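Here is the structure we will look at, set down as structure tokens.
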Amino acid sequence: MGMSNYIMDIEDKFWDKVCDKVKESEHISEAMQFAVELGKTEVPFLDAETIEDGVSEAWDEIWSEYYV
């Protein structure tokens with residue numbers, strides 16, 4: 001496995017954890033705080049703004065199904 005594949009695998013696992021947290025969070029800020037803190041150790045190559053944008057997208061996608 002090349003370095004690129006390794007990094008992509010780490011990032012995929014991180015986003016899976018973030019999506020799980022989004023599903024169980026009462027408010028988006030809870031999921032954002034979790035994701036930014038987790039990102040510091042699991043994906044230090046992603047900045048906080050990128051992580052927050054990803055959480056916002058996941059939040060909108062997941063919760064839009066319930067608020068149609």
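Restricting the GluC sites (Glu not before Pro) of region 6-68 to loop positions (DSSP other than H, G, I, E, B) with no more than 13 neighbouring Cβ atoms within 10 Å leaves 26, 65.
Go through region 32-68 and name the chymotrypsin sites (Phe, Trp or Tyr not before Pro) that are in a DSSP coil and have 12 or fewer other Cβ atoms within 10 Å of their Cβ.
Working: sites: 34, 45, 59, 63, 66, 67; in loops: 45, 66, 67.
Listed in order of number, the matching sites are 45, 66, 67.
Considering helices alone, the calculated mean residue ellipticity of the chain at 222 nm is -27000 deg cm²/dmol, with DSSP H runs of length four and up weighted by -39500 (n - 2.57) and normalised per residue. Phi-derived couplings, Karplus 6.51 cos²θ - 1.76 cosθ + 1.60 at θ = phi - 60°, listed residue by residue for region 9-14: 5, 4, 5, 4, 5, 4 Hz, with x used for Gly and Pro. For the chain, the Cβ-based charge dipole about the Cα centre amounts to some 220 debye (Lys, Arg positive; Asp, Glu negative; other atoms uncharged).
Diffusion coefficient of the chain by Stokes-Einstein, Kirkwood radius over Cα pairs, 10 °C, 1.306 mPa s: 129 µm²/s.
Throughout, read-outs are computed from the coordinates displayed, never taken from laboratory work. Keep in mind that what you see is a predicted model, and the values were worked out from it rather than measured. Glycine gets a Cβ as well: all are built from the backbone with ideal geometry, and neighbour counts include every protein chain shown.
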